[in-house]
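The values are calculated or read from the model by the stated rules, or taken from the named source; none is laboratory data. Please read all numbers here as calculations on a predicted model, not as lab measurements. Heads up, the Cβs are rebuilt from the backbone with ideal geometry, glycines too, and the neighbour counts pull from every protein chain shown.
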Amino acid sequence: MKTLLVIARECRLRLRRPAFWVLTLAVPAVLALLYALPVIAARQATERTIVLVADQTGLFQNGLQSTAELAFEPMPSLEYAQRQASDRDLVLFIPLRETTIPHDAFLYYRGNTPSLAVQSTIDAQLQTLLRNAILEDVYQLEPSVYHSVEATHIRLHASDAATGRESHLQVKAVVAVALAVVMALALLLFGAQVVRAVQEERHNRVAEVVATSIRPVQLLAGKVAGVALTAMLQLALWLVLTAAAIAGVQAANPTLFEQARAEQMHNSFATKGEAATAQYNAPVQLVDQTVQGLAAIQLPVVAGAFVLFFLLGYLLYGSLLAALAARLDAEADATQWALLAGSPLLLALALTPLVLRAPAGALASWLTVVPFTAPVAAMLRLPFGLPVWQVAVAALLLLILAAGTALIAARTYRRRIV
């Protein structure tokens, strides 16, 4: 009962603070704004850039295709182009060399440097035209034949021989990294709130009064649980409000965002050219592969394991950080030691490439068993399939160490604040 009173007090103190509600409302609004601004900015009308082309080779001048951002205009010479160019225009010069294949092209500008997108567009067109010229003049090969060969695509399916299920490693790797990052950030963020709460009560001396009528274990448990409940409430509100804000932004202009998504999917597969995209309908396959990969992940199992390792990891790190905050007088020192205490989580994140390279390897198994790295390592391995016995061993060791840390922290907490 006394522990519940401490929990209620911790929750009440945080829910009464205006900063809690300001952040709760401001963060989703900022995230929705960050989501919408790039799309809106990308759809805004941009001023078309004029590119005056002086091509001594004759290979490019008539083949460059104008776009919504660029307009190519042929010029008889470089000197004439430079005289005709205004401060906003660009001059593209391709000099004639002794060899039939040009090796250099020069883009001249005045004032502002042309954007990377402009340079990339010009470079891509030059490469395509030069390749087509080489195919026709040197190898007497039609460019359409080359494009049909270049557009070939074969997809490798890695499937379980017993069940026939496909692995979907790319999708699982993305999910694994996302889970691990969220786990590490949540533990560090909530642990920092425990440190702040202990430091505040040490300064206002409230903990001394409370400690005279409650056992140290109850006091520490109430402190950790109260901070966790308010932090998880704020996290849940962030998720719900962010989703609602993004849905509202999309509903305000659905055509804009549907067009942006279609262009993004199309551009992500533009490296092989239009023929390749048309051949195997890559955007549709991208969506299908992502959906199939997510379906292959047992989301209820992942969610349950995430909650389990988060609670055990928070009990371990929350108790440890509460003890550190109680022992250290200066808040700055407590923050630095809190970062040091959370370094195993950062170490596990740093080893992410090695864990993903061999999710069932010895390194990944040891990181899962060691309690201080188990929460992050388990999330990295979970989408790929984590043996039940390893989950049980990791959770048991984490629970034992967390309980021992809580007892030691409770004694330290009582001794240092009274």
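Miscellaneous remarks
- Count - residues of the range 52-76 that are farther than 16 Å from P114 by Cβ and part of a loop (DSSP other than H, G, I, E, B): 11
- Verdict on A378 being surrounded by fewer than 21 Cβ atoms within 10 Å (Cβ to Cβ) and modelled with pLDDT of 85 or more: no
- Any hit, the range 77-95, residues being part of a loop (DSSP other than H, G, I, E, B) and within 19 Å of L130 (Cα to Cα): yes
- The one condition in (1) of a type outside the set (S, T, N, Q); (2) surrounded by fewer than 19 Cβ atoms within 10 Å (Cβ to Cβ); (3) modelled with pLDDT under 70 that R196 fails to fulfil: (3)
- Pick from the range 28-61, criterion surrounded by fewer than 16 Cβ atoms within 10 Å (Cβ to Cβ) and modelled with pLDDT of 80 or more, ranking: nearest to I134 (Cα to Cα): G58
- Sole residue being more than 26 Å from V175 (Cα to Cα) and modelled with pLDDT of 80 or more, chosen from L328, L315, L321: L321
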